[in-house]
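The values are calculated or read from the model by the stated rules, or taken from the named source; none is laboratory data. Predicted model, so just to flag it, every value in this text is computed and none were measured. Note that we place each Cβ from the backbone using ideal geometry, even for glycine, and neighbour counts take in every protein chain shown. These accessible areas exclude ligands, DNA and RNA; they are computed on the full protein's heavy atoms, side chains included. Shrake-Rupley method; radii C 1.70, N 1.55, O 1.52, S 1.80 Å.
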Number of protein chains: 2
Amino acid sequence: MKKTDINSTEIAKLAGVSRSTVSRVINNYSNVPAETREKVLKVIQQYNYFPNVSAQVLAGKRARTIGLFLIEQGNVSGDMLTNMLIVSVIEHASEHGYYVLTHIIRDAKDTEMIKNVKEIFFQRRIDGGIFIGAAIHEPFIEELIDEGFVIGIVDQTLSDHPEPNRIVSKFNNDSGMKQAVAYLAGLGHSKIGVINGDMNRLSGQTKYEGYKTAMRMCGLQVNPNWVLNGDDFHERSGYKVIQKLMSQETDLPTAIIAANDSVAFGAIRALKEHKLRVPEDLSIIGFDDHALSEKHHPALTTIRVDFSDMLKRMTSCLITKIEQKTLDIKEITVDCSLVVRESCRRI
Amino acid sequence: MKKTDINSTEIAKLAGVSRSTVSRVINNYSNVPAETREKVLKVIQQYNYFPNVSAQVLAGKRARTIGLFLIEQGNVSGDMLTNMLIVSVIEHASEHGYYVLTHIIRDAKDTEMIKNVKEIFFQRRIDGGIFIGAAIHEPFIEELIDEGFVIGIVDQTLSDHPEPNRIVSKFNNDSGMKQAVAYLAGLGHSKIGVINGDMNRLSGQTKYEGYKTAMRMCGLQVNPNWVLNGDDFHERSGYKVIQKLMSQETDLPTAIIAANDSVAFGAIRALKEHKLRVPEDLSIIGFDDHALSEKHHPALTTIRVDFSDMLKRMTSCLITKIEQKTLDIKEITVDCSLVVRESCRRI
DNA sequence: CTGAAAGCGCTTACAG
DNA sequence: CTGAAAGCGCTTACAG
């Protein structure tokens, strides 16, 4: 039943024009009279003709595809947040008529994997790419930028990176931490600990810096015993870090701010195992407002970040840049705000 | 800094051979002496050359890209299951050296959206596609199959669809329902209701059929009042259906089997609002073993389905078929098994 | 074993 | 307003 592939030559013949004209119609050239246009369009419709995208790209058009690169060692598949990120990019790209090729980078240190990523760009499969989960300095991404590819990086600053083909989005973690500490201080807490995330990531660092600043602003002491260094932003990290804390003979803080909600879940799980209740015995605040936070027991008080909106903006900026339109904003800033639920109590 | 794009002509020149030979090396032709091969490869490495994929495709190679189409009206982004599905396909395709273009179909009835989907195939962006969430009979998918595209459909049977380019995966819902009913019967339940899912989907129908059969096998009566017809497979549907049941003056069942876990969550939420506890007042069994089911309160007893494995197999089959290798299995059957947790009690 | 040449299906200056 | 032609970067029979 397969219709033998029809091409522009066929369409031209059927419409009684040249391939040039067919192409002009497809590409909306203004110098085609309405009549001719209609005639050609009719044939195109009728024969269900869609121009071969490879031929178009080879002839100089864009692939209208962007790459979405998720750098995640572990269980990408388990996290709802990841899903939201993927879907946000897909849907917003789709609004601009772009497609997205999603790629997972399990290990940004693996040469083979990096080669695969580069290949995607050099093969011209995509017009640009968005990276999520990258370390502060990721050499292979820098190379791609040097090569002139349009690159969006989540959780980075522009600061000393003036390349016009770099787009970044950064989180206002400073503000988030200030809100968290202020809220806890307001509840009467002064013994406030923190669980750090991945310090190779910008958010890992800015959250910790934000925490220290916020504590100082509130006139509170940072107790080094309560600065818990997690490995990453996952549940397990929060769990491990609390286990370690409990195994030591130190005083406990009355409240802990976790690097994100997943980490907070892990921390709460560990606390439970030690018969410590949240918030009765210890207050916990997370970051992100993960889809589960609301349903968690206890419902998690957290600093909400609108990832969906961020990715929407990032996707738009990327596409704007790809299409060479002038792009004024190349740094997207994402604000955050406290969501009070049930994991903190007044003392 | 952007290296001006290097192409096969350049490589040929640098290696002192013809473009033909460069191409032969790239495509692993056997008739290239090791020496020549090394020489060319060295230059390729050195100049970071990757063949332009559009040119390759235009010249007759495959795009090495598959499409993943998710048909989902509502909140695709909220569901962890969806995420797992996406990631499974991406990772398994990646193992075969394929990329995946993910596309979301919000409304399979929308002509514009359907046109977009067809376009992806006709433009030759992809070598084949996998559809998840399709109705039993989806005309536009049938058209694509008629056109000869290699298509994988999740939750369909092959039965009277003998096309060689159709691959399906079906769930053994019959077995799942038998296990669910048997388990409940074993706990002493005889008043067992069911919440149906989307009856336009194969699983919607087979689950209901399976339920009826299983009840009969166990010598139990199906009470029509306890056959609750949900709209789809989402949380809200389970909620609505229970609200409706409670607003009627009918006897309640002692146990309910939900079309899937999300529906079960919704049902439990509604029951809670009516001060009915699970499992004390009513037992509930779900389907899927959603990532949340374990963490749910109460932890949900469910029929586990290994989606990840299914998609892995489907992806492999699709790619095998794309590469024209002989494909013996074109129908993947997925078994399921009861996972006992805390949402059912003995009566 | 290897090169010259045709061809894949488009787009777009160029000329009229 | 429109067609003939060159060109995009590959692959692969074909001929040697």
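Peptide packing for A:128-137, B:218-227 was compared via the average number of neighbouring C-beta atoms within 10 Å per residue; ordered from the highest value, the list is A:128-137, B:218-227.
Which order, highest average first, do A:29-35, B:85-91, B:34-40 follow once you tally other Cβ atoms within 10 Å for each residue and take the mean per peptide? Before the final figure, lay out the partial values.
Working: A:29-35: 9.0, B:85-91: 23.7, B:34-40: 14.3.
Result, highest mean first: B:85-91, B:34-40, A:29-35.
For the stretch B:126-223, the fraction of alpha-carbon pairs lying more than 24 Å apart is 36 percent, rounded to a whole number.
Normalised by the number of residues in chain A, the average gap of Cα pairs under 8 Å and 6 or more apart makes the relative contact order 15 percent. Does anyone have the angle between helix A:173-186 and the longest principal axis of chain A? Alpha-carbon axes, 0 to 90°, nearest 10? On a 0 to 90 degree scale, this one is about 30. Within the stretch B:147-161, the residues that become at least 20 Å² less accessible when every protein chain is included than when their own chain is isolated (1.4 Å probe; DNA, RNA and ligands ignored) are B:Glu147.
Suppose we keep just the DSSP beta bridges with both residues in chain A; what percent of those would be antiparallel, to 5? Don't skip to the end; give the middle numbers.
Values: 4 of 42 bridges.
About 10 percent, rounded to the nearest 5.
Overall dimensions of the stretch A:173-306, expressed as equivalent-ellipsoid semi-axes from the Cα gyration tensor (√(5λ), whole Å, largest first), are 18, 17, 15. Assuming charge only on the beta carbon of Lys and Arg (+1) and of Asp and Glu (-1), the dipole of the protein assembly as shown about its Cα centre is about 760 debye to the nearest 20. Taken per residue, the accessible surface of the stretch A:1-46 reaches 72 Å², heavy atoms only and a 1.4 Å probe. Applying 1/(1 + (r/R0)^6) with r as the Cβ-Cβ distance of B:Glu163 and A:Tyr29 and R0 = 41 angstrom yields a FRET efficiency of 0.55.
Other protein chain C-beta atoms within 10 Å of residue C-beta, averaged over A:295-302: 1. Per residue of A:117-125, other chain Cβ atoms within 10 Å of the residue Cβ number 5 on average.
Of the two radii for the stretch A:8-58, the radius of gyration is 0.94 times the Kirkwood radius, both from the alpha carbons; that is the Rg over Rh value. Once the partner protein chains are put back, the stretch A:23-65 shows a loss of at least 40 square angstrom of accessible area, versus the chain by itself, at A:Asn48, A:Phe50, A:Asn52, A:Val53, A:Ser54, A:Leu58 (probe 1.4 Å, ligands and nucleic acids excluded).
Could you let me know the centre-to-centre spacing of the stretch A:20-88 and the stretch A:290-334, using Cα atoms, in angstrom? The stretch A:20-88 and the stretch A:290-334 have Cα centres separated by 25 Å.
Of all DSSP beta bridges confined to the protein assembly as shown, the antiparallel ones make up roughly 15%. Using the Cβ of B:Ser283 as centre and a radius below 15 Å, the other residues enclosed give a net charge of +2, where K and R count +1 and D and E count -1. Computed over the stretch A:178-255, relative contact order equals 40 percent, with contacts defined as Cα pairs under 8 Å that lie 6+ residues apart.
Percent of C-alpha pairs per 10 Å bin in the stretch B:149-200, short distances first: 19, 35, 24, 16, 6, 0.
Against chain A, whose longest principal axis comes from its Cα atoms, helix A:307-322 is set at around 40 degrees.
A quarter of the convex hull surface defined by the alpha-carbon atoms of chain B gives 22.2 nm² as the mean projection.
I need to check one value: relative contact order of the stretch B:173-306, counting alpha carbon pairs closer than 8 Å and at least 6 residues apart, in percent.
24 percent
Expressed in units of 2.2 N^0.38 Å, where N is the residue count, the Cα radius of gyration of the stretch B:264-347 is 1.54.
State the answer as a single residue: which of A:Ile6, A:Val263, A:His96 lies farthest towards the positive end of the charge dipole of chain A, with beta carbon charges of +1 for Lys and Arg and -1 for Asp and Glu, about the Cα centre. Projecting each Cα onto the dipole axis, the largest value belongs to A:Ile6. Using the alpha-carbon positions of the stretch B:13-157, Rg (one decimal) and Dmax (whole number) come out as 19.8, 58 Å. For chain B, the longest principal axis of the alpha carbon atoms and the long axis of helix B:202-217 meet at an angle near 40°.
For the stretch B:8-58, a crude dipole built from +1 on the beta carbon of Lys and Arg and -1 on the beta carbon of Asp and Glu, taken about the Cα centre, is about 60 debye to the nearest 20.
Between B:Thr213 and B:Asp306, the FRET efficiency estimated from the beta carbon spacing at R0 = 25 angstrom works out to 0.65.
List residues of the stretch B:159-183, by number, whose backbone nitrogen lies under 20 Å from a label position 7 Å along Cα→C-beta of B:Thr333. Zone members listed by number: B:159-163, B:166-182. The distance linking the stretch B:109-127 with the stretch B:194-213 is 30 Å (Cα centroid to Cα centroid, whole angstrom). This model, with +1 at the C-beta of Lys and Arg and -1 at the C-beta of Asp and Glu, gives the stretch A:63-143 a dipole about its Cα centre of some 240 debye. Working value for the protein assembly as shown: equivalent-ellipsoid semi-axes of 45, 38, 22 Å, each the square root of 5 times a Cα gyration tensor eigenvalue, largest first. Pick from B:Gly148, B:Gly197, B:Gly210: which residue has the top mean-square fluctuation in a GNM of chain B where Cα pairs under 10 Å get a spring? So, out of B:Gly148, B:Gly197, B:Gly210, the one fluctuating most is B:Gly148. When the charge dipole of the stretch A:173-306 is built from unit charges on Cβ atoms (+1 for Lys and Arg, -1 for Asp and Glu) and taken about the Cα centre, the candidate among A:Ala180, A:Met217, A:Gly238 whose Cα reaches farthest toward its positive end is A:Met217.
Could you please state how large a percent of the accessible area of the protein assembly as shown is carbon and sulfur, counting protein chains only and using a 1.4 Å probe? Carbon and sulfur together cover 48 percent of it. Put simply, chains B and A cover up around 4800 Å² of each other's accessible surface, both sides summed, when a 1.4 Å probe is used.
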